[in-house]
Each structure stands twice: as C-alpha cells, then as structure tokens.
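The values are calculated or read from the model by the stated rules, or taken from the named source; none is laboratory data. Because the structure is predicted, anything quoted here is derived from the model rather than measured. Virtual Cβ from ideal backbone geometry, glycine too; neighbours counted across all protein chains shown.
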Amino acid sequence: MDKIETVWKMRECSMQEVKELAYELEIPIPVAQVMLTRGIDSVEKVEQFLDLKINKLYLMLKLLSKELVKQLTLVKKSLYGVTMM
C-alpha cells in the first residue's frame, strides 16, 4: 500500500513581517508565518492569543453550555413536543 504524503501549503504574506514577528517573539519563522496568515500580526495579539487564564476558559465554557442547552431544548421539543428540560 502506498503511503500518503502530507503537503503543507502556506498562504502568502510579507516575509519582512514574518521575520520581524519571529525576531520579536523569538519563534521559528514558520510559526510566525502561520500566525500572520491568521491575523495575529503583533506582539500584543500573540500575547492575547496565548493568554489562557482560567476566567477566559470559564466564560467560554459558560457560553458553550448555554448554547448546548438551547440545542438540546430544540431537539427535545422536536422529538417529544416538550419545551421544558
């Protein structure tokens, strides 16, 4: 059986910006390139992206749980005609 080769293609972006970000953050150039292509184009944005404080995770989980309750309510209503959980 032939082995499937993975080919990564990077989006175009300014190599000057990539080098500057890589230098400022002391990270490899490919990592800086991925960040830039995803709109993370400054030291401040990188710090925000990498900041994993527990309160941010809590707020995200709280929002997700509210959305999950809504979706489960809709499923239950469609299956059983019940609106309360």
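Restricted to the stretch 45-75, and to residues there that are part of a helix (DSSP H, G or I) and under 21 Å from P28 (Cβ atoms), the residue that is nearest to the chain's Cα centre (by Cα) is F49. In this structure, is K56 modelled with pLDDT of 90 or more and surrounded by 10 or more Cβ atoms within 10 Å (Cβ to Cβ)? In short, no.
Which residue is farthest from the chain's Cα centre (by Cα), if the candidates are limited to the stretch 21-44 and must be in a loop (DSSP other than H, G, I, E, B) and of a type in the set (V, I, T)? Give the steps one after another, and end with the answer.
Taking the stretch 21-44 first, the residues in a loop (DSSP other than H, G, I, E, B) are 26-28, 38-42.
Then keep just the ones that are of a type in the set (V, I, T); that gives 27, 40.
Numbers: I27: 19, I40: 11 Å.
The selected residue is I27.
Going by what's in this entry, would T73 be described as polar (S, T, N, Q), over 30 Å from M10 (Cβ atoms), surrounded by 11 or more Cβ atoms within 10 Å (Cβ to Cβ) and at pLDDT 80 or above?
Values: polar (S, T, N, Q): yes; over 30 Å from M10 (Cβ atoms): yes; surrounded by 11 or more Cβ atoms within 10 Å (Cβ to Cβ): yes; at pLDDT 80 or above: yes.
Yes.
Regarding the stretch 6-20, can at least one residue be identified that is part of a helix (DSSP H, G or I), surrounded by 10 or more Cβ atoms within 10 Å (Cβ to Cβ), over 19 Å from the mean Cα position of the chain (by Cα) and in contact (Cβ under 8 Å) with a residue 24 or more places away in the chain? Among the residues of the stretch 6-20, at least one is part of a helix (DSSP H, G or I), surrounded by 10 or more Cβ atoms within 10 Å (Cβ to Cβ), over 19 Å from the mean Cα position of the chain (by Cα) and in contact (Cβ under 8 Å) with a residue 24 or more places away in the chain, which makes the answer yes.
Close Cβ contacts (under 6 Å, 6 or more residues apart or on different chains) running from residues in the stretch 27-41 that are farther than 15 Å from W8 by Cβ to residues that are assigned to a helix (DSSP H, G or I) and among the charged types (D, E, K, R) comprise L36/E17.
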